[in-house]
């Protein structure tokens, strides 16, 4: 009876629980990397470093160049963080997909490995 109950759990709630856990890991990773915030502030200046553009023409030009450089630095850092998040999410997604696909075969593989081990 216990074996039947375990098999019932394995192929219904267990499988569903694994899929839910993978989804939760992806959501948590997205939140840890703040993907939404990174996308919203993609072109924002790096660390809010903004030079005021008042004064002579050369000071305004210098402020404009400083602000542009600050935005490009912010873009580069945010793109690297987004790339790292994408790679980590891809790894979790691929690993989770393999786990979900292999999940129904694990009990059968266990039994087969036991018999293979006994026969050798």
Residue hits (segment 72-94; farther than 30 Å from residue 46 by Cα and without any contact (Cβ under 8 Å) to a residue 60 or more places away in the chain) are 94
How many residues of segment 30-72 are exposed (fewer than 15 other Cβ atoms within 10 Å of the Cβ) and over 30 Å from residue 93 (Cα atoms)? The answer is 20
Here, helices (runs of 4 or more DSSP H) confined to segment 3-120 with at least 2 residues that are modelled with pLDDT of 95 or more and in contact with a strand residue (DSSP E or B) (Cβ under 6 Å, 6 or more places away or on another chain) are none
Restricting attention to segment 76-94, the residues that are out of contact with any helix residue (DSSP H, G or I) (no Cβ under 8 Å at 6 or more places or on another chain) and surrounded by 12 or more Cβ atoms within 10 Å (Cβ to Cβ) number exactly 2
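The values are calculated or read from the model by the stated rules, or taken from the named source; none is laboratory data. Since we're looking at a predicted model, the values are computed, not measured. Every residue, glycine among them, receives a Cβ derived from its backbone with ideal geometry; neighbour counts consider all protein chains shown.
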